[in-house]
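The values are calculated or read from the model by the stated rules, or taken from the named source; none is laboratory data. The model shown is predicted, which means the values in this text are computed figures rather than measured ones. Note: ideal-geometry Cβ built from the backbone for every residue, glycine included; neighbour counts use all protein chains shown. Each accessible area value is taken on the protein alone, full model and side chains, heavy atoms only, with ligands, DNA and RNA left out. Shrake-Rupley method; radii C 1.70, N 1.55, O 1.52, S 1.80 Å.
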Amino acid sequence: MADVVLIADLHKYEGQEVTVRGWLYDRTDKGKLQFLKVRDGSGMAQAVAFQKDLPEDIFAAIRTLPQESSLVITGPVRADKRAPGYPGGYEIGIREAKIMQVAEEYPITPKDHGVEFLMDNRHLWVRSTRQWAILRIRATVISTIRNWLDDHGYLLVDTPIITPAAGESTTELFEISYFDDKAYLAQTGQLYNEANMASFGKVYCFGPTFRSEKSKTRRHLTEFWMVEPEMAYYSLEDLMDMEEQFMSAIVQRVLEKHKVELEILERDTAALERVIPPFPRISYDDAVERLHKLEAETLDPEQKHLLAIEWGNDFGSPHETALTQQFDKPVFVYHYPSAVKAFYMQPVDGRPEVCRSVDLLAPEGYGEVTGGSERIWNKELLDQRIATIGLDPESYRWYLDLRRYGAVPHAGFGLGVERTVAWICGLQHIRETIPYARMLKRFYP
Ligand code: 4AD
Ligand code: MG
């Protein structure tokens, strides 16, 4: 009996007989020879069926086997530099084959399909090579986030998904009925993090968050995963120091672990290798000045229009894209206007129209991947902000309590997993970075 092995491990079994269990990705018919591409979850390898090596009925079955049929094959591993696949370089000579199921005609063929068709068939599309590569990188981004935080003194403290009040902005809440009450799906775990921070010092929550944003951009999902660290006694500068270490650890880990996947995605890895601290830091004022300059220098009227910005407005994608193109690393933009940011952000001393906030913009046009700030820790100031913005103080009673019992300066941020994965993988659109995307016009399958 040959050992069952993974395609990713074939190099360890050169010359030995092995069994691989998987699915047929593609097949080339050369008469007496059938070249199969078999994938097993860990990779894809060429397997060769030679008529004279196999019982007649088995060879005949292989010869007509449709794409995505499931099968178990056994045979010797041979090294061959030209053998296609990933990792590639090894092929299996089929001596025995058991066909588990003959697939029906598979809807996703090697020809080009429209993206809506692929999204409708997402439950099958996840098997395709590019999707395989992206979702494996996503898993590493997530595990590195956890490992790094766990190794650096942060405690994972879970925050609820069913919440009584808005965490970020009241306009993007998904309302649900909660018995006789109304409740909302969490937009953020931050407010709870702030309570937990006062017990554990450095905490994080990591889970799905929900925003009923009516945006149809390539950066927006209605359900996305966010990790949110929150740290007692941290200033904005401490926050940026930590974020750049954290982000570079994530990117460097993907580079280490996913050469094959990044190659499949044809990702320029030089751009990722540069993601090491320190990252440039510019103020919102400086960023607006840079945009004004770019606007003045631009001849194309349409581009000029997109780059136009008045001090006080939030950046749109074209602004962020243009800014990140000026740097070859992620760039921090700090001290945004208070009016465009959340109610809990600490105003800058002597200049309350801007706040102690910072966004990290990913290079190559990707834009915001993290958003964070120092939090208001003075009770009167927070009372005022809540009143000015028109939030109901009663809903924030427990949150205000945190300013009554041992308040300390603190700061935190949220990192969006999908935007980070889109950037690392070099993707045009965020929809491929999550197994089953939820967007304005889609919640199937
Ligand atoms: O900037 P945001 O809204 O910040 C917060 O929610 C804070 N409470 C975080 C904190 O300080 N604890 O969101 C943080 C990040 C963004 O930078 C972006 O990467 C991602 O979450 N994000 C989205 N990703 C996909 N689709 C959306 N609709 C997103 N909205 C935010
Ligand atoms: Mg933000």
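General observations
- Coarse-grained scattering of the chain at q = 0.10, 0.12, 0.13 Å⁻¹, given as base-10 log I(q)/I(0) from a Debye sum over alpha-carbon atoms: -0.81, -1.04, -1.15
- Region 1-145 shape via C-alpha gyration tensor axes, a/c threshold 1.5: oblate
- A straight Cα-to-Cα reach below 23 Å connects Lys52 with the lysines Lys30, Lys32, Lys37, Lys98, residues fewer than 8 places away in its own chain not being considered.
- Each part reduced to its alpha carbon centroid, region 144-202 and region 271-309 end up 33 Å apart.
- Under 29 Å from the Cα of Lys304 - lysines, other chains or at least 8 residues apart: Lys214, Lys216, Lys293, Lys329, Lys341
- Taken per residue, the accessible surface of the chain reaches 48 Å², heavy atoms only and a 1.4 Å probe.
- Under 10 Å, Cβ to Cβ, from Cys205 - net charge with Lys/Arg +1 and Asp/Glu -1: -3
- Cα shape, region 365-445, gyration tensor, a/c 1.5 rule: prolate
- Sequence ranges 202-211, 293-302, ranked by mean other-Cβ count within 10 angstrom, highest first: 202-211, 293-302
- Cα gyration tensor shape for region 296-342, rounded if a/c is under 1.5, else prolate or oblate: oblate
- Cβ crowding within 10 Å averaged over residues, with 396-403, 194-201, 345-352 ranked highest first: 194-201, 396-403, 345-352
- Surface share of carbon and sulfur [accessible, 1.4 angstrom probe, percent] for the chain: 51
- Nearest-20 debye value, region 3-101 charge dipole, Cβ charges on Lys, Arg, Asp, Glu: 260
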